[in-house]
Amino acid sequence: MLIGAALLATPALAEDRAALIARSPALALDGPVAPLAAALQVGGTGWGPFRRLCVAKTMLRPDDGQEVATSPPSCFNVEEARDDGGTWRLALRTDPLPGGMRVAFTTTRDAAGMVGEADIAVPEGVAAPPPPVMARLRGIFRAAIEANGMPRATIAPGVDFVMPLPIGAVDPDLRVERDGLVCSADGEAMADGRRVLVATCGASGGGEISPGRAMRVLIAGRFAIDVATGMVLRHGYGSWLEMEADPRGSMGRMEMRGVSRQTLE
């Protein structure tokens with residue numbers, strides 16, 4: 001928390017989409033990206049041989065732009081993946097959370113790329129949270145899978161497409177324009193021996209984080225999307241976040257720059 005507070009203390013410079021793309025982390029691919037020669041269908045299979053999903057976010061120090069990790073990566077381990085007539089039934093478990101607890105949950109993903117409700121297993125000896133809290137946790141874990149994939153779609157060269165970003169499940173007070181990442185296809189490549197669609201994507205949104213205090217966020221970067229399943233195998237994007245001053249005077253206006261990296265192995 002002290003690191004985060006220090007990073008917030010000095011305003012950063014506002015950035016636009018082009019600047020975020022320019023400083024987004026490079027994607028680890030097996031070779032070059034070839035432009036799309038024709039429309040490409042993405043998705044059609046609910047899951048693949050995936051065993052671990054991780055997202056690591058860092059902040060950039062205002063003085064020198066160096067990355068600082070303010071929290072551990074968010075990782076899910078796939079303990080079981082079973083094809084049930086085209087709908088994959090998934091059992092996942094988090095890496096240890098603060099306090100050492102690992103949360104197990106189940107969900108589904110079908111051939112159209114739709115993710116089902118998440119069901120959380122309450123550890124033995126731990127009191128179940130109140131129903132409203134449990135409902136929100138289920139929504140958050142479901143959104144974590146949804147946000148790292150896209151529904152089955154046909155992607156045409158030169159035509160934008162949207163990857164849904166269910167941020168409302170994490171915070172109902174936040175909204176994303178067009179409900180997701182607006183993407184343009186860069187071409188095809190290979191990643192970990194799998195065929196991927198490489199796309200440049202960006203999103204903007206915001207909302208009220210406390211009474212009278214608004215927040216705005218912009219993210220942009222590159223994504224490698226598994227052609228067979230529509231799951232994101234890699235992403236690297238830059239982020240810029242602005243929070244207005246608290247009208248009660250407790251906190252001033254703040255800006256933050258960040259970076260996100262994702263892998264699905």
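Side notes on the structure shown:
- Some residue of the range 119-129 being more than 20 Å from G43 (Cβ to Cβ), charged (D, E, K, R) and modelled with pLDDT of 95 or more: yes
- Selection from the range 170-191 of residues that are closer than 13 Å to V217 by Cβ, among the aliphatic types (A, V, I, L, M) and assigned to a strand (DSSP E or B): L174, V176, L181
- When the range 126-158 is filtered for residues that are of a type outside the set (A, V, I, L, M, F, W, C), in a helix (DSSP H, G or I) and closer than 23 Å to A228 by Cα, the ones remaining, listed by number, are R142, E146.
- Residue count, the range 232-252 (criterion: in contact (Cβ under 8 Å) with a residue 60 or more places away in the chain and in contact with an Asp or Glu (Cβ under 6 Å, 6 or more places away or on another chain)): 2
- Any hit, the range 230-245, residues being assigned to a loop (DSSP other than H, G, I, E, B), modelled with pLDDT of 90 or more and in contact with a strand residue (DSSP E or B) (Cβ under 7 Å, 6 or more places away or on another chain): yes
Conditions tested, residue by residue: (1) surrounded by fewer than 20 Cβ atoms within 10 Å (Cβ to Cβ); (2) not basic (K, R).
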{"position": "A156", "(1), (2)": "yes, yes"}
{"position": "V170", "(1), (2)": "yes, yes"}
{"position": "R178", "(1), (2)": "yes, no"}
{"position": "C183", "(1), (2)": "no, yes"}
{"position": "G187", "(1), (2)": "yes, yes"}
{"position": "G193", "(1), (2)": "yes, yes"}
{"position": "G206", "(1), (2)": "yes, yes"}
{"position": "S210", "(1), (2)": "yes, yes"}
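- Filter result (of a type in the set (D, E) and outside any loop (DSSP other than H, G, I, E, B)) within the range 54-113: E67, E79, E80, D83, D84
- For R222, the criteria (1) modelled with pLDDT of 95 or more; (2) under 21 Å from L241 (Cβ atoms); (3) not in a strand (DSSP E or B) hold in every case but one, which is (3).
- Filtered residues of the range 72-112 (kept if crowded, with 16+ Cβ neighbours inside 10 Å and in contact with a helix residue (DSSP H, G or I) (Cβ under 9 Å, 6 or more places away or on another chain)): F76, L90, L92, T94, V103, F105, T107, R109
The values are calculated or read from the model by the stated rules, or taken from the named source; none is laboratory data. These numbers were taken from a predicted model, which means no experiment stands behind them. Neighbour counts run over all protein chains shown; Cβ positions are idealised from the backbone, glycine included.
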